[in-house]
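Worksheet: the structure to be examined is printed underneath.
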There are 2 protein chains.
Amino acid sequence: MQHKHRGRPPVALQGMLEAADMLFAQSKLPGSVTMDAIAAAASVGKGTLFRAFGNRDGLLDALWATKLAILKERVTTGVPPFDESATPLDRLIAFLDSILMFKIANRHLIHAREATGGLLQSPHYRWMHAKTKNFIMEASNQVDEDYAIYSAHVLLSALHIDLIDEMLAQGLSVDTIRRLQAARGKGVIRIV
Amino acid sequence: MQHKHRGRPPVALQGMLEAADMLFAQSKLPGSVTMDAIAAAASVGKGTLFRAFGNRDGLLDALWATKLAILKERVTTGVPPFDESATPLDRLIAFLDSILMFKIANRHLIHAREATGGLLQSPHYRWMHAKTKNFIMEASNQVDEDYAIYSAHVLLSALHIDLIDEMLAQGLSVDTIRRLQAARGKGVIRIV
DNA sequence: CCTATAACGGACCGAGAGTCCGAAATGCAA
DNA sequence: TTGCATTTCGGACTCTCGGTCCGTTATAGG
């Protein structure tokens with residue numbers, strides 16, 4: 001059922017997200033994408049931006065969501081290597097590797113979001129943590145929940161984009177990081 | 001050799017550091033300690049603060065340094081358990097545990113410093129990383145430098161104060177975290 | 001006592017997140 | 001068609017905070 005009187009139609013969120021996406025993709029130095037810049041690029045008032053997304057983190061999370069949708073879909077529907085054909089440990093490793101590559105591909109957006117704090121309370125982190133924790137509990141035949149919670153946090157903590165950038169700056173290649181991370185993932189079921 | 005003319009004597013850095021320390025220790029919600037507040041608490045102009053420490057991070061690093069001095073001393077002079085009486089692995093674990101407890105004890109200061117980004121380039125992080133890397137290379141009888149660099153970063157990444165706070169909020173006790181971290185430290189020499 | 005020097009300190013500035021309110025756009029009723 | 005209620009728009013404005021600038025003040029030497 002609709003209201004009797006409709007009023008001025010709202011602008012589509014799509015355009016604002018696309019404008020933000022473009023700015024983050026183009027941004028040379030990270031962190032320079034302001035809300036004013038996004039509003040201007042989207043040809044929209046700043047008030048509209050804040051009404052639509054609440055605050056800066058809301059916008060970044062929404063943009064993050066659109067980027068993460070494909071991976072989320074693949075994981076939840078069980079597309080290989082996230083199905084039963086792979087071992088739980090392989091799924092864990094594939095999951096962490098996917099997130100690593102995802103963060104590198106969207107580094108400016110991720111950098112902006114991770115810089116503002118409160119990331120650990122964000123829905124995306126919670127989702128990643130829940131998934132990681134589940135993979136761990138499936139991979140290791142034990143039910144020590146504290147261990148799974150802790151290990152999931154720890155595995156994800158190595159994926160902060162600042163840390164990745166620092167390691168790349170120190171000469172480690174992406175492939176090296178992926179290889180070492182995979183090895184570390186295997187170690188999860190050995191530690192008690 | 002001295003200058004011919006001396007000019008107005010500078011204020012002691014000590015007082016400013018003490019004022020900042022007090023504010024961080026008292027601060028209820030983290031991140032609320034501004035430079036103005038520190039200047040006021042130290043009965044000093046803001047300009048003096050910035051002239052003395054360069055910028056906010058400089059002040060936080062200086063305060064961090066005073067707090068970390070004891071641990072740094074113990075590690076570099078080889079006081080037990082950082083001497084030869086302990087195995088390299090035990091030293092690594094003791095080192096990580098010391099940093100964990102240090103961060104918890106100074107959580108507001110650490111939170112402020114870790115929130116501003118650029119932590120990975122700070123001298124304290126570089127010191128911790130270098131030490132951790134050395135312990136790892138001593139503990140595992142191998143010379144894969146990439147492995148040591150990566151593992152040191154990863155071990156330290158689990159010590160971000162936000163992450164610690166989040167784990168505590170999720171019900172993990174400090175002792176549980178210490179125990180799991182120690183177990184993870186042991187895992188370092190098993191993974192290849 | 002006067003002058004050169006060096007540091008002080010708070011008024012000031014710039015940037016950026018978030019707010020506020022008059023303007024604009026729309027549908028419905030008369 | 002016109003007027004009105006309603007809903008959203010949008011950019012000027014506010015607020016906070018890190019950082020700067022420059023007139024003021026303290027000191028030592030001549």
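The values are calculated or read from the model by the stated rules, or taken from the named source; none is laboratory data. Quantities reported herein were computed from a predicted structural model and do not represent experimental measurements. Cβ coordinates were reconstructed from backbone atoms using ideal geometry, including for glycine residues, and neighbour counts include every protein chain displayed. These accessible areas exclude ligands, DNA and RNA; they are computed on the full protein's heavy atoms, side chains included. Shrake-Rupley method; radii C 1.70, N 1.55, O 1.52, S 1.80 Å.
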- request: Might you let me know whether the stretch A:13-31 holds any residue that is out of contact with any strand residue (DSSP E or B) (no Cβ under 6 Å at 6 or more places or on another chain) and over 29 Å from residue A:99 (Cα atoms)?
  value: no
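Residues checked against (1) within 13 Å of DNA strand D (Cβ to nearest atom); (2) within 29 Å of residue B:157 (Cα to Cα); (3) touching a His at 6+ places or on another chain (Cβ under 8 Å); (4) open to solvent by 30 Å² or more (accessible area, probe 1.4 Å):
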| site | (1), (2), (3), (4) |
| --- | --- |
| B:8 | yes, no, no, yes |
| B:43 | no, no, no, yes |
| B:57 | yes, yes, no, yes |
| B:64 | no, yes, yes, no |
- line: Expected output for the stretch A:1-13 (first residue in a loop (DSSP other than H, G, I, E, B), partner at pLDDT 85 or above and near DNA strand C (Cβ under 10 Å from one of its atoms), Cβ below 9 Å, 6+ apart or cross-chain) is A:10/A:48; A:10/A:51; A:11/A:48
- prompt: Going through the stretch B:48-80 one residue at a time, which ones are of a type in the set (Asp, Glu), over 10 Å from the mean Cα position of the chain (by Cα) and under 28 Å from residue B:91 (Cβ atoms)?
  reply: B:73
- prompt: Where in the stretch B:69-141 are there helices (runs of 4 or more DSSP H), lying wholly inside it, with at least 2 residues that are within 16 Å of DNA strand D (Cβ to nearest atom)?
  reply: B:107-115
message: Quick test of your reading of the structure: residue B:164 fulfils all but one of (1) out of contact with any Asp or Glu (no Cβ under 8 Å at 6 or more places or on another chain); (2) surrounded by fewer than 20 Cβ atoms within 10 Å (Cβ to Cβ); (3) among the β-branched types (Val, Ile, Thr); (4) at pLDDT 95 or above. Name the failing condition by number.
response: (2)
task: Mind listing whichever residues of the stretch A:150-162 are touching a His at 6+ places or on another chain (Cβ under 8 Å), facing another protein chain (nearest Cβ under 7 Å) and not in a loop (DSSP other than H, G, I, E, B)?
output: A:153, A:157, A:162
- line: Filter the stretch A:31-55 for residues that are within 12 Å of DNA strand C (Cβ to nearest atom) and outside any helix (DSSP H, G or I); the one that is modelled with the lowest pLDDT is A:31
query: What is the number of the single condition among (1) within 20 Å of the chain's Cα centre (by Cα); (2) more than 8 Å from chain B (Cβ to nearest Cβ) that residue A:139 does not meet?
result: (1)
